[in-house]
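Below is one structure, written out as structure tokens, with a few remarks after it.
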Amino acid sequence: MNAEMRELYQEAILDHNRRPRNRGSLADANRRADGYNPLCGDRIRLFLKIEDEIVKDVSFEGAGCAISTASASMMTQSVKGKSVAEAYALFEGFHAMATDDGERAGDLGKLEVFCGVKEFPARVKCATLAWHTLKAALTQPADSTTTE
Ligand code: ZN
């Protein structure tokens, strides 16, 4: 990671950890998932409102280290308003970038700052926790509370 990317990475982590976006519960969510990273103790609960295969709204709650919080914050910003298929693609892209495994596809925009995380293997699970939780929420069936 060059000096500029390192600086961007640190700035993004600090900023999003201090002021997480889309934090809190979502009363009309129709998907929820919990994530836990035992290596660091990070916990996240993710709320999604999906309508017509579009992520209409998204929020998260939880407690964790700065990297997990910042990653969750940036993840919610990235997938809000996207289609479910696009959100999956972002998961795949982010996961490939953070773990250096699999094909990198497309431009991840601001999420690219997390490409530096693979230099810190112990932190990869912190950075990917929110994304794994997103995938879990996307793959589960709609809440049984919604009318069938
Ligand atoms: Zn962590």
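None of the figures in this text is laboratory data; all of them are computed from the coordinates on show. Please read these numbers as outputs of a predicted model, since none were measured by experiment. Please note: Cβ atoms are built from the backbone with ideal geometry, for glycine as well, and neighbour counts cover all protein chains shown.
Apply 1/(1 + (r/R0)^6) to the Cβ-Cβ distance of ARG18 and LYS118, taking R0 = 22 Å, and write down the FRET efficiency to the nearest 0.05.
0.35
Full extension from ASP34 to ASP107: what is 0.36 nm times the residue separation minus their Cα-Cα distance, to one decimal in nm?
Gain in length upon complete extension: 23.5 nm.
Could you work out how much longer the chain between GLN140 and LYS82 gets when fully extended? Use 0.36 nm per residue separation minus the Cα distance between them, nm to one decimal.
Extra length from GLN140 to LYS82 when fully extended: 19.1 nm.
Could you check the simple spin-label distance between GLU11 and ALA89, using points 7 Å along Cα→Cβ, in nm with one decimal?
Placing both labels 7 Å along Cα→Cβ, they lie 2.8 nm apart.
When Rg is the radius of gyration of the Cα atoms in segment 3-143 and Rh is its Kirkwood radius, what does Rg/Rh come to?
Radius of gyration relative to Kirkwood radius: 0.94.
Estimate the FRET efficiency between ASP52 and ALA96 by the formula 1/(1 + (r/R0)^6), using the beta-carbon distance for r and 30 Å for R0, to the nearest 0.05.
Plugging the Cβ-Cβ distance into 1/(1 + (r/R0)^6) gives 0.60.
How far is the Cα center of segment 121-139 from the Cα center of segment 47-61, in Å?
Here the two parts' Cα centres lie 17 Å apart.
Can you give the helix-only mean residue ellipticity at 222 nm for the chain, where every DSSP H stretch with n ≥ 4 adds -39500 (n - 2.57) and the sum goes over all residues, rounded to the nearest 500 deg cm²/dmol?
Calculated from helices alone, the mean residue ellipticity at 222 nm is -14500 deg cm²/dmol.
For the chain, take the longest principal axis of its alpha carbons; what is the angle in degrees between that and the long axis of helix 121-139, to the nearest 10 within 0 to 90?
It works out to around 20 degrees.
Lysines within cross-link reach of LYS56: Cα-Cα under 22 Å, excluding same-chain residues under 8 positions apart?
LYS80, LYS82, LYS110, LYS135
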